[in-house]
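Each remark here refers to the structure printed beneath this line.
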Amino acid sequence: MNIRPVAIALLAVTIATTGCAVKAAKLVFGGDSRELRKRAEGAAPSSPSHPPILVLAMDGVDRAILYDLVRSGEMPALASLLGGADGKLAHAYFDDAMLSTLPSSTMAAWVTTFTGVPPAFHGVTGNEFFIREARRFAAPAPGTFSDSAPVLAIYTDEYLNKLSLAPSVYDRMRIDDPSVLVWVAMQHFYLGADRVLLTKPKVVVNAFEGYVEATMTKLAAQKQSRAVYERLDKEVVDVVVDALDAETLPDVLTVYFSGTDLYAHVANEGPDVARRAYLREVIDPQIARLGEKLRARGALDDRYVVVTSDHGHTEVSHDDAHALSAKGNHAPPTILAKAGFRVRPFKLDVAPSDDFQAVLAYQGAMAYVYLADRSGCAKAKEPCDWTKPPRYDEDVLAVAEAFHENDATGSLVPEMKGTLDMILTRRPRPYFADDLPFEVYVGGGKTVPVEAYLEQHPHPTYIALAARLHDLAAGPHGERAGDVLLLAHNGDTETPDRRFYFATPYHSWHGSPSRKDSEIPFIVARAGTTSAAIRAEVKPVLGESPHQQKVTDVLLMLRKQRRRHAE
């Protein structure tokens, strides 16, 4: 499908949606649902002639952990939902090749999952990023500052929906199946759904505040901390179970569980132990409740069950030495300042008169640096024209060299010496043109293609780095991944004391190209259909090396089939 015309139309909507509108978001949802689309009078309420689909979207769960828990019988409710009541999982296909997008972080990954195109095409390149032509900072999950307004605006103002420049999988389903009825429960990205199911705003606020508090004050009461996220996931299922009393049931139902990821970030015991316990003790009982309700309504008959995630997790050291935050004299902004760049303040909105020449956006193991053409704003109090690309030698290479030199010698910020694995850049192009792929900066104004660099500097823990960087940065909106990309030593090292990350102190992070962060689960099940038959349907669509955008292709393929017992 050619999404470029749709993307151009949606770009106008995105530019018109200012940060001020996000800040003005009001908590209008009340713990049940919001209708997003009105059906024409006399239109069919749903489309039961095609197989219904249940998507379980679990945040922050890597493939090895989930598959082990299901296959070992430690998640019996999920196994039962996958048609595995006999203990053999004979009706489910477990894919062993699916990779997250880059960065392996929440917002970029889920939008990729539910649009079927990579970040360079849908434009959501991370948890936060800069839209240079609008001079606007987008932060559906802020990393350089703490502000709940954009997080809540995801649900009150469709903030993330409006940032995407590609149609969703639900939009694409309607091309061939205009009557399809779609419900989405608490997922950030619900563009094209008929109905979004929401928990109480106070529960969302408490989860966000608990996340920040546990991070900033090193909260030790982990059971109390986990309870915040348990309540959020439980109330999501409460809302879905109540909604399933409706006369007309959804053809496609997506249910999102966020607590696994949120708790892993702050758990003292480390992300693997924390996530295993959370999946067994919190998620599986909620899946049991959901499955019981669906069975009672006959809503599992002939329904495909699809399970996936967005990324994994990597344990890090919870201290200021390893957290490359946006504040303090040892932080990345100090390098930019000492290199002669005025850095954008770390908040959602700034005044039109603000004269910043560089912007930083954090993605955990990665950070983006956006640069202005300083020739038109060299003096203080001269706002830069961000619709123009930066100059390659004077702006881009100046920053790349500053970080490269500092990483080798610590000449600008001694505390950041040796913290970076790679510095990547490319020749800038106008924002409306397709962007070039990143190359590795090796000093002295020289760059090397990623494949060639890896041949001479093997990274055995990284997987498909060049291809995934291409998906991130080479395309019509690839400039949203920055002019310089910083990749910290994180997923390339074996011990937490050698890992660094762009954030305030946490116990775990993600975002790197490592297998640990990148290998995600993808399961397709259907009662009455053998694993081999499902594999025969799904594998040709996925291909041998599937990236996350292939989830949409599989969902479209499944939905186009005819039901075995059409109603």
Worksheet item: Failed condition for K417, given (1) basic (K, R); (2) surrounded by fewer than 21 Cβ atoms within 10 Å (Cβ to Cβ); (3) within 28 Å of the chain's Cα centre (by Cα), with all others met?
Response: (3)
Worksheet, complete the sentence: Expected single match for within 18 Å of the chain's Cα centre (by Cα), farther than 30 Å from R391 by Cβ and modelled with pLDDT of 95 or more among H477, H510 is H510
Worksheet item: Within region 399-407, can one find any residue that is part of a helix (DSSP H, G or I), among the β-branched types (V, I, T) and more than 30 Å from the chain's Cα centre (by Cα)?
Response: no
Worksheet item: What do you reckon, is P48 closer than 23 Å to V169 by Cα and surrounded by fewer than 21 Cβ atoms within 10 Å (Cβ to Cβ)?
Response: yes
Worksheet item: Under the condition of being polar (S, T, N, Q) and touching a Phe, Trp or Tyr at 6+ places or on another chain (Cβ under 6 Å), which residue from region 129-168 is surrounded by the most Cβ atoms within 10 Å (Cβ to Cβ)?
Response: T144
Worksheet item: Is one or more of the residues making up region 231-244 in a helix (DSSP H, G or I), among the acidic types (D, E), open to solvent by 90 Å² or more (accessible area, probe 1.4 Å) and modelled with pLDDT under 55?
Response: no
Discussion item. Return the residues of region 245-258 that are part of a loop (DSSP other than H, G, I, E, B), of a type in the set (S, T, N, Q) and closer than 16 Å to R303 by Cβ; say none if nothing qualifies.
Written reply: T248
Discussion item. Would you confirm, using the coordinates I've provided, whether Y263 is part of a helix (DSSP H, G or I) and either more than 30 Å from V399 (Cβ to Cβ) or modelled with pLDDT of 95 or more (or both)?
Written reply: yes
Fill in: region 379-410: number of residues that are under 19 Å from H330 (Cα atoms) and surrounded by fewer than 21 Cβ atoms within 10 Å (Cβ to Cβ)
6
Worksheet, complete the sentence: For region 540-567, the count of residues that are in contact (Cβ under 8 Å) with a residue 40 or more places away in the chain and either part of a loop (DSSP other than H, G, I, E, B) or of a type in the set (K, R) (or both) equals 15
Practice prompt. Please work out which residue is farthest from R71 (Cα to Cα), limiting yourself to region 271-302 and to residues that are open to solvent by less than 20 Å² (accessible area, probe 1.4 Å) and at pLDDT below 95.
Written response: A299
Practice prompt. Please identify the pairs in which a residue from region 496-512 that is closer than 19 Å to T106 by Cβ and in a loop (DSSP other than H, G, I, E, B) has its Cβ atom under 7 Å from the Cβ atom of a residue that is open to solvent by 30 Å² or more (accessible area, probe 1.4 Å) and aliphatic (A, V, I, L, M), counting only partners at least 6 apart or on another chain.
Written response: T504/M216
Worksheet item: Out of (1) among the aromatic types (F, W, Y); (2) open to solvent by 50 Å² or more (accessible area, probe 1.4 Å); (3) within 20 Å of R515 (Cα to Cα), the odd one out for Y462 is which?
Response: (2)
Worksheet, complete the sentence: Those residues of region 303-353 that are more than 25 Å from H265 (Cα to Cα) and open to solvent by less than 20 Å² (accessible area, probe 1.4 Å) come to a total of 8
Worksheet item: If we scan region 189-200, do we find a residue that is modelled with pLDDT under 95 and either basic (K, R) or open to solvent by 10 Å² or more (accessible area, probe 1.4 Å) (or both)?
Response: yes
Item to complete: Report, by residue number, each residue of region 438-459 that is part of a loop (DSSP other than H, G, I, E, B) and more than 24 Å from the chain's Cα centre (by Cα).
Response: G444, G445, H457, P458
Practice prompt. From (1) closer than 24 Å to Y462 by Cα; (2) of a type in the set (D, E); (3) assigned to a helix (DSSP H, G or I), pick out the condition that doesn't hold for D435.
Written response: (3)
Worksheet item: Which one of the conditions (1) in contact with a helix residue (DSSP H, G or I) (Cβ under 6 Å, 6 or more places away or on another chain); (2) over 26 Å from M416 (Cβ atoms); (3) open to solvent by 10 Å² or more (accessible area, probe 1.4 Å) does I520 fail to meet, given that it meets all the rest?
Response: (3)
Practice prompt. Working only within region 524-553, note down all residues that are under 20 Å from Y67 (Cα atoms) and either of a type in the set (D, E, K, R) or crowded, with 24+ Cβ neighbours inside 10 Å (or both).
Written response: V524, A525, R526, R535, K539, E544, Q548, K550, V551
Response to the item:
Among helices (runs of 4 or more DSSP H) completely within region 56-131, the ones holding 3 or more residues that are under 17 Å from L160 (Cα atoms) and modelled with pLDDT of 95 or more are 106-113, 119-122
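The values are calculated or read from the model by the stated rules, or taken from the named source; none is laboratory data. Quick caveat, the model's predicted, so the values are computed rather than measured. Heads up, the Cβs are rebuilt from the backbone with ideal geometry, glycines too, and the neighbour counts pull from every protein chain shown. SASA here: full protein model, heavy atoms, side chains in, ligands and nucleic acids out. Shrake-Rupley method; radii C 1.70, N 1.55, O 1.52, S 1.80 Å.
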